[in-house]
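Here's the structure we're looking at; comments come further down.
The values are calculated or read from the model by the stated rules, or taken from the named source; none is laboratory data. The structure displayed is predicted, hence computed values, not measured ones. As a convention, Cβ positions derive from the backbone with ideal geometry for all residues, glycine included, and neighbour counts pool all protein chains shown. For the accessible areas, the whole protein counts, side chains as well, though only heavy atoms, and no ligand, DNA or RNA atoms are used. Shrake-Rupley method; radii C 1.70, N 1.55, O 1.52, S 1.80 Å.
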Amino acid sequence: MNDHSLFTFLDLAGTFAFAFSGAVAARDRGLDWFGVIVIAFAVACGGGVLRDLCIGAVPPAGLTDWRYLAVAMAASWVTLTARTLVVRLAHPVTFFDSLGLGLFAVTGAQKALIFGHNAEVAVLLGVVTAVGGGVARDVLLNRVPVILRREVYASAALVGAVIEVSGERLGWVSSGRTWAALMACFALRYLSLRYKWNLPRSLGHDGSGSGSDK
């Protein structure tokens, strides 16, 4: 599989993973079919659209490539029709959100590098691509965005993006660094939820915890 094919595969896989997590969250909030599809598409493509606008890749792929909408609708259809399968999955939103986070952290950084941006921009846009969909989901569902809580979320995406960009600069084999970055981000996010790892709170003047870290 060449670099372009690998990028496309990972980007569409991330789209499905985030769309699935968004569709499950929307279904659990009692939205109708149209609402589920809208949330799924916003979660799947929100970060990618923002990334493309930042790097000048316009119009954004998420709005012009029919495959992104098709994948989001497929994830919505699975969520709405295969209810038994979804229920059997242990914590489906957590699993697919973690998977999508890793996939988009990698592809976001890759695309910024492809468009000739430096390492700092690539890392930043890798994080933006990864967390943008989750922010869109939480805002649309009237929840506090996960990156504003104490959970390891944006920092996991940062680790994945740094590994991808550093590996590219050091000349690592593209497929090797990509899978290493993906698995590092996914593992850090998923294990942090499983074992309740959190970043420390900042301390207020009275010594009590206040605010939250990401």
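Sort out which residues of segment 167-188 are open to solvent by 20 Å² or more (accessible area, probe 1.4 Å) and touching a residue at least 12 places away in the same chain (Cβ under 8 Å), and write them in order of number. Don't jump to the end; show me each part of the working.
Residues of segment 167-188 that are open to solvent by 20 Å² or more (accessible area, probe 1.4 Å), as a first pass: 168-177, 179-180, 183-184, 186-188.
Glu168, Arg169, Ser174, Ser175, Arg177, Ala180, Met183, Ala184, Phe186, Leu188, listed by residue number.
Between Gly126, Gly132, which is in contact with a helix residue (DSSP H, G or I) (Cβ under 9 Å, 6 or more places away or on another chain), in a helix (DSSP H, G or I), open to solvent by 10 Å² or more (accessible area, probe 1.4 Å) and of a type outside the set (A, V, I, L, M, F, W, C)? Please lay out each step first, then the result.
Details: Gly126 fails: open to solvent by 10 Å² or more (accessible area, probe 1.4 Å).
The unique qualifying residue is Gly132.
Which pairs do you get when a residue that is without any contact (Cβ under 8 Å) to a residue 12 or more places away in the chain, found in segment 102-118, comes within reach of a residue that is open to solvent by less than 10 Å² (accessible area, probe 1.4 Å) and assigned to a helix (DSSP H, G or I), reach meaning Cβ atoms under 9 angstrom, with the pair 6+ apart or on two chains?
Asn118/Ala112
On the given criteria, is Ile163 part of a helix (DSSP H, G or I), at pLDDT below 90, open to solvent by 10 Å² or more (accessible area, probe 1.4 Å) and more than 17 Å from Phe9 (Cβ to Cβ)? Give the steps one after another, and end with the answer.
On the way: part of a helix (DSSP H, G or I): yes; at pLDDT below 90: no; open to solvent by 10 Å² or more (accessible area, probe 1.4 Å): yes; more than 17 Å from Phe9 (Cβ to Cβ): yes.
Here the answer is no, as Ile163 does not meet what is asked.
Which residue is most open to solvent (accessible area, probe 1.4 Å), if the candidates are limited to segment 1-35 and must be touching a residue at least 24 places away in the same chain (Cβ under 8 Å) and not in a helix (DSSP H, G or I)?
Per the stated criteria, the residue is Met1.
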